[in-house]
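The structure appears below as structure tokens.
The values are calculated or read from the model by the stated rules, or taken from the named source; none is laboratory data. Because the structure is a prediction, the values reported are computed rather than measured. Note that each Cβ is placed from the backbone with ideal geometry, even for glycine, and that neighbours are counted across all protein chains shown. These area figures cover heavy atoms from the full protein model, side chains too; ligands, DNA and RNA do not enter into them. Shrake-Rupley method; radii C 1.70, N 1.55, O 1.52, S 1.80 Å.
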Amino acid sequence: MSAGHVIFSHGRDSGPVGGKITAMAQRATALGWTTESIDYRGMADPKERVAKLVAVPGVRDHARLVLAGSSMGGHVAAAAALELHPAGLFLLAPAFYMPGYEALTPAPAPCPCNIVHGLHDDVVPVENSLRYAKAASASLLAIDSDHRLLDAIELVCDHLERFLLSLTPST
């Protein structure tokens, strides 16, 4: 039996098997979690992406579901959480409170939420994650990196591991 299931949502300009998702999926799998990554390429509308995520076959069948997303994928994961009621959210530089789209920022979901954001992000200001973390009572790890976080992937994976372990009941 698996510890749970992690669904990854990639950012606007990346894909379902990028470096971050691949590394995080390997770490989650090593902990006994099953994983999948949704392909949103060609879908610019975040609402379409959310609809695709909540319609994934079997998504509601997992006893312990974690939604993970980066940038626009973080926004998508957080918005879908309001309908899917996951055990947790793991967000990387989520695209919240972006100019012209502030009203699209989802309300906080009633589940544990961890956010990792680069201090040198020039796409989504780290202040946006701080604002959301306060509203959601979420954990925020601000690190010496940029929007993509690729130079800090081991730190990101370590943080994901601690988060997943916190959601896994001890035997």
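Per-structure values
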{"item": "Overall Cα dimensions of segment 63-111 - principal axes, largest extent first, Å", "result": "37, 17, 11"}
{"item": "222 nm mean residue ellipticity, helices alone, for the chain (DSSP H n ≥ 4; -39,500 (n - 2.57); rounded to 500)", "result": "-11000 deg cm²/dmol"}
{"item": "Length added when fully stretched, residue 63-residue 131, from 0.36 nm per residue minus Cα-Cα", "result": "21.5 nm"}
{"item": "Interchain or long-range residues, amide H under 5 Å from residue 11's placed H", "result": "70, 73"}
{"item": "Loop-located trypsin sites (Lys or Arg not before Pro) in segment 70-160, at most 11 other Cβ atoms within 10 Å (DSSP)", "result": "none"}
{"item": "Heavy-atom accessible area ranking, 1.4 Å probe, most first, across 150, 92", "result": "150, 92"}
{"item": "Gaussian network model of the chain, Cα within-10 Å springs - most flexible of 73, 18, 42", "result": "42"}
{"item": "For the chain, average projected area of the Cα convex hull in nm²", "result": "8.9"}
{"item": "Alpha-carbon centroids, segment 10-85 and segment 123-164: separation in whole Å", "result": "16"}
{"item": "Gained length - residue 85 relative to residue 43, 0.36 nm times residue gap less alpha-carbon distance", "result": "12.8 nm"}
{"item": "Taking only Cα atoms of segment 87-132, radius of gyration then Dmax in Å", "result": "10.7, 31"}
{"item": "Gain on full stretching of the segment that runs from residue 122 to residue 22 - 0.36 nm per residue minus C-alpha separation", "result": "33.6 nm"}
{"item": "Positive dipole terminus of segment 1-132, leading residue within 119, 96, 22 (C-beta point charges)", "result": "22"}
{"item": "Mean Cβ neighbour count within 10 Å, used as a protection proxy, ranking 60-70, 157-167 highest first", "result": "60-70, 157-167"}
